[in-house]
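The structure under discussion appears below in the form of structure tokens.
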Amino acid sequence: MEKRILAILTVSLFLGSSLFDNISVLATDGGSSTLELVLNQSKSAADQKIVETQNAGMKVPDSANSTYSQGLAEYQTALSLANTNFQESKIHALKAMNLFTNTIQMVENQGNATSEVNQTSTLVQNIEDSQNSEAQIWELVEANRMPDSVFKGYEDAINAANTAIASGDFQSAKQQIFIAQGLLDKIYQQLQDQAQAAVNSRASTFRNTSENVLLQMIENAKSSALDQSTINALQTELDRLEASKTTSQIIDATNQSSQLQNATDQYDNQILVNFDKESSNIEHKINVLQGLAAQHNLQFTGLTLLSQMLADIKQKMINGQTDDAASELDQEYSLLSSMNDVVNGAAPVVQEINTDRNTSQMLQNKAQIENGSVSMDDIEQANQLFDSAYSTVINATSADDLKSARDSLSNAENILNGMSDTLNGSNQQSGNPIQSSNSTNSTSNSQPQSSDNMTNATESTNNSTNSTDQSNSTYPTNDNSTS
């Protein structure tokens with residue numbers, strides 16, 4: 001409609017003189033009315049263009065407003081002279097029509113310019129959005145160690161789009177942006193494929209680990225004589241996990257809503273019951289050994305360590321760290337067996353140390369009387385060896401430690417024998433010059449009691465120690481990663 005009206009006005013301008021010549025001929029038959037009709041059509045076309053522009057949210061150019069005002073002035077002058085001076089009215093009418101036509105052209109040119117601006121703005125925003133997506137994908141590419149070269153085609157397309165926008169070739173710019181976005185989508189799909197492959201790999205590894213854990217749990221359940229229902233439940237979940245082929249099936253078989261959680265909970269509960277029995281048995285053994293040590297007025301650090309380890313194992317069981325607890329329980333049994341040997345073999349060694357200390361004091365007194373015939377340094381060295389031997393016994397955790405204490409004791413006794421020889425004279429034979437040392441040496445030749453003898457020695461205290469020591473029960477392991 002706008003172009004049609006503009007065409008009519010343009011034609012009217014070219015035919016203006018002949019048209020108004022006809023109007024002058026018809027002046028007496030309504031020529032002024034025809035003039036007014038043509039002017040009103042011209043003004044209405046300009047008014048309509050201005051209103052449409054404003055309704056579209058665009059600003060009417062100041063030059064168009066100024067031209068329209070001039071046309072309106074000529075329009076009013078032409079109408080005022082139509083009935084009094086028609087020739088003059090015709091001149092003003094032509095000016096008014098020309099100004100209204102120019103107003104329409106100015107507004108349309110502004111509209112075209114605005115359209116170009118809008119297209120440019122839209123395309124630039126599309127590029128910015130695409131580059132924001134590229135930045136996010138770039139981080140994923142680096143995290144997944146993909147080569148940066150995957151973005152080369154994308155960057156080339158974006159550069160081409162910017163060049164097209166600058167030259168006003170909006171259609172080419174749109175095509176390049178479309179190509180760039182397609183390349184970006186392709187890169188993202190590669191990332192998704194790689195991520196899915198990693199998920200599948202982790203799921204497969206998790207399934208294999210879970211299968212091994214379930215196998216171990218079933219073996220432990222059988223060796224610990226757990227309820228058959230628990231063993232059956234674990235076997236069912238193992239079969240289901242082995243049948244899982246896809247990642248989703250593995251997830252379904254191991255998630256919190258699966259029966260796997262119930263089966264492992266049932267297993268853990270029965271393990272806790274068995275552990276309570278074992279811990280009570282271990283506590284009883286420790287008490288028996290502590291009672292035997294008290295009879296000789298000895299306090300062994302190894303027995304304290306046993307009690308501390310058992311308390312730590314109990315706490316781990318409460319916290320659900322059954323695998324760690326099982327490992328420590330094996331260590332507890334090993335240390336308990338060693339301390340059995342230590343407690344039963346320590347008393348003769350301590351008695352020998354005390355006897356030799358008395359001998360050392362006697363020699364020291366005799367040396368002081370004879371005024372330096374024996375070096376005090378030798379006596380001090382022997383006493384230090386006695387202290388070392390006693391400390392080794394108190395801190396012993398194995399029969400080897402007792403042997404080490406005896407070695408120190410033997411070295412000290414050699415020093416005492418040398419001192420005795422010196423004090424009794426260099427010409428006197430010193431087979432066994434000191435009577436207290438004779439009894440000491442005969443004692444040192446005795447071997448420490450075996451763990452079996454220890455059991456017999458403590459049997460009078462409580463027969464349960466023997467039956468417990470002979471049991472080689474081991475606590476079943478569990479891996480909480482399945483749960």
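The values are calculated or read from the model by the stated rules, or taken from the named source; none is laboratory data. Remember, predicted model here, so these are calculated numbers, not experimental data. FYI the Cβ positions are ideal-geometry reconstructions off the backbone, even for glycines, and counts take in every protein chain you see.
Quick one: is residue 195 more than 30 Å from residue 246 (Cβ to Cβ) and of a type in the set (A, V, I, L, M, F, W, C)?
Details: more than 30 Å from residue 246 (Cβ to Cβ): no; of a type in the set (A, V, I, L, M, F, W, C): yes.
No.
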Test for residue 104: is it under 30 Å from residue 52 (Cβ atoms) and in contact (Cβ under 8 Å) with a residue 60 or more places away in the chain: yes
Residues of the stretch 382-400 classified as in a helix (DSSP H, G or I) and either crowded, with 20+ Cβ neighbours inside 10 Å or not charged (D, E, K, R) (or both), total: 13
Any hit, the stretch 183-196, residues being at pLDDT below 85 and either surrounded by 19 or more Cβ atoms within 10 Å (Cβ to Cβ) or of a type in the set (Gly, Ala, Ser) (or both): yes
Residues located in the stretch 125-164, provided they are charged (D, E, K, R), out of contact with any Leu (no Cβ under 8 Å at 6 or more places or on another chain) and within 21 Å of residue 193 (Cβ to Cβ): 139, 142, 145, 148, 152
Residues within the stretch 107-139 that are over 21 Å from residue 175 (Cα atoms) and at pLDDT below 80, tallied: 8
Members of the stretch 299-320 that are in contact (Cβ under 8 Å) with a residue 24 or more places away in the chain and buried (at least 17 other Cβ atoms within 10 Å of the Cβ): 300, 302, 303, 306, 309, 310, 313, 317
Positions within the stretch 197-248 being loosely packed, with under 13 Cβ neighbours inside 10 Å, hydroxyl-bearing (Ser, Thr, Tyr) and within 26 Å of residue 270 (Cβ to Cβ), in sequence order: 223, 229
Condition check for residue 142: among the acidic types (Asp, Glu), more than 41 Å from the chain's Cα centre (by Cα), under 30 Å from residue 181 (Cβ atoms) and modelled with pLDDT under 85: no
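A quick yes/no check of all residues on (1) among the charged types (D, E, K, R); (2) within 30 Å of residue 118 (Cα to Cα); (3) touching a residue at least 60 places away in the same chain (Cβ under 8 Å):
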| position | (1), (2), (3) |
| --- | --- |
| 34 | no, no, no |
| 57 | no, yes, no |
| 85 | no, no, no |
| 90 | yes, no, yes |
| 99 | no, yes, no |
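Table: residues versus (1) assigned by TED's automatic domain parsing to the domain that holds residue 326; (2) at pLDDT below 80; (3) under 18 Å from residue 323 (Cβ atoms).
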{"residue": "209", "(1), (2), (3)": "no, no, yes"}
{"residue": "223", "(1), (2), (3)": "no, yes, yes"}
{"residue": "230", "(1), (2), (3)": "no, no, yes"}
{"residue": "234", "(1), (2), (3)": "no, no, yes"}
{"residue": "247", "(1), (2), (3)": "no, no, no"}
{"residue": "250", "(1), (2), (3)": "no, no, no"}
{"residue": "255", "(1), (2), (3)": "no, yes, no"}
{"residue": "258", "(1), (2), (3)": "no, yes, no"}
{"residue": "263", "(1), (2), (3)": "no, no, yes"}
Residue ID - nearest to the chain's Cα centre (by Cα), chosen from residues in the stretch 44-91 that are closer than 15 Å to residue 34 by Cα and buried (at least 17 other Cβ atoms within 10 Å of the Cβ): 75
